[in-house]
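The structure appears below as structure tokens.
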Amino acid sequence: MSREPKDPLLAYVESFFHDYLQRLQGASAHTVRAYRDTLRLLFIYLANTKGCAVADLQITDLRVDAIAAFLTQLESVRANTVVTRNCRRAAIRSFCKHLIRVDLPHAEQYQRILALPAKKSRQPLATYLEAEEVHAIIDQPDRHTALGQRDHGLLLFLYNTGARISEALAVRCADLHLTPPRQVRLHGKGRKDRLCPLWPETTQALQCLPAVRNNAPGNFIFVNRQGEPLTRDGVDYLLRKYVTAAIPTAPTLQRRKITPHVLRHSCAVALLQSGVDITVIRDYLGHASVATTSRYLTTNLQMKRAALEAFWERAGITPVNATPWQPSPDLLTFLASL
């Protein structure tokens, strides 16, 4: 007696990651991890809903109503933002497109999932710091200690380059060029590398780091006490510590949520305020589209105020003490006169 063939869900998941994402698309490690986490959450949710183990899930469990319920509970239960919800949806869509190629008998089932729409969300204004606030934070590390030198160099590097935290932590000694022209090679999203110039102050701070002094090309430049690369959580903790220390000299930092990405926004706004063209800033930050960079134009209130004042002066308009309009006491008489 022949046994029934095992449900091929696991085989399809393996082929999605190994054959499609990595071999055909050449997806980055970040993309693979993000898609992995999404499918893991999805399968756990489906198994809990069905009352079975994840290993017992079948292809037929990938129904459009179940996927829609999963996306809803991401917001209602896990308190994810709409942006995160849409990112999870994008990963599921990519998986379903792969399933259509390898499992034609269930193509209609997958097409229904692909028809689930993205949820509209408001684009939040980018939080940024003025130059004085950033310098107040950068001045906090004790540069008489090795860890203080590392933290000072890291904060300067983030503000100088506008690098994403993942890009900064991935920098190795081989990526640095600390003689004129001073620059660093950043490995950005989508396997796109870019070169960013370095200030003399940043160069001097980086030259104090042990990995740079030892000139070992493969070593990461920002490491912890054990010599391991710093983590996102570690950098976030350090930044919060120095922000708290800077509050007495920069009271505007109080009660503000400042993350490493805020330094990236602050770099972009500083470039705008310096008159740098927005297309240059796009390349500087490694944005795929200038539309992403344009959000800083809507965020920067100081530039809006300066533009308005310049327009006022150029137009030759001077304020006058005009008498405010007062409504006619006889409303019906006024209306009849029209």
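Values quoted throughout were computed directly from the atomic coordinates according to the rules given, and no laboratory measurement underlies them. Please read these numbers as outputs of a predicted model, since none were measured by experiment. Every residue, glycine as well, gets a Cβ built from its backbone with ideal geometry; the counts of neighbours run over all protein chains shown.
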Original post:
How large is the dipole of the chain about the Cα centre if only Lys and Arg carry +1 and Asp and Glu carry -1, each at its Cβ, rounded to the nearest 20 debye?
Top reply: 580 debye
Original post:
Quick one: Val276, Val243, fewest Cβ neighbours within 10 Å first, how do they rank?
Top reply: Val276, Val243
**OP:** Quote the relative contact order of the stretch 131-310 in percent (integer), defining contacts as alpha-carbon pairs under 8 Å separated by 6+ residues.
**Re:** 25 percent
**OP:** Give the dimensionless ratio obtained when the Cα radius of gyration of the stretch 70-126 is divided by 2.2 N^0.38 Å.
**Re:** 1.32
Original post:
Hey, if you put +1 on the Cβ of every Lys and Arg and -1 on every Asp and Glu Cβ in the chain, which of Gln183, Ala115, Cys267 ends up farthest toward the positive end of that dipole?
Top reply: Ala115
Subject >> Cα shape, the stretch 134-232, gyration tensor, a/c 1.5 rule >> reply: rounded
Original post:
What length, rounded to one decimal in nm, is gained on full extension from Arg256 through to Val64, with 0.36 nm per residue of separation minus their alpha-carbon distance?
Top reply: 65.1 nm
**OP:** Averaging sequence separations of C-alpha pairs under 8 Å and six or more residues apart, then dividing by the length of the chain, give the relative contact order as a whole percent.
**Re:** 15 percent
Subject >> Dipole moment magnitude, nearest 20 debye, the stretch 131-310 about Cα centre, only Lys, Arg, Asp, Glu C-beta charged >> reply: 440 debye
Original post:
Of the peptides 87-99, 225-237, 260-272, how do they stack up when ordered by the mean number of other Cβ atoms within 10 Å, highest first?
Top reply: 260-272, 87-99, 225-237
Original post:
Rg and Dmax of the stretch 9-114, Cα atoms, in Å?
Top reply: 13.3, 36
Original post:
Using +1 on the beta carbon of Lys and Arg, -1 on that of Asp and Glu, and nothing else charged, what's the dipole of the stretch 9-114 about the Cα centre, debye to 20?
Top reply: 320 debye
Original post:
Length gain on complete extension for the stretch Val280 to Glu130, per 0.36 nm per residue less the alpha carbon to alpha carbon distance?
Top reply: 52.0 nm
Subject >> For the stretch 105-126 versus the stretch 247-262, the gap between their alpha-carbon centres in whole angstrom >> reply: 37 Å
Original post:
When Rg and Dmax of the Cα atoms in Å is calculated directly from the model, which label among [x] 25.3, 114; [y] 27.2, 101; [z] 24.0, 91 fits?
Top reply: [y]
Original post:
From the Cα gyration tensor of the stretch 131-310, with a ≥ b ≥ c the square roots of its eigenvalues, which class applies: rounded if a/c is under 1.5, or else prolate if a/b is larger than b/c, or else oblate?
Top reply: oblate
Original post:
So what is the relative contact order of the stretch 9-114, in percent, for Cα pairs below 8 Å that sit 6 or more residues apart?
Top reply: 29 percent
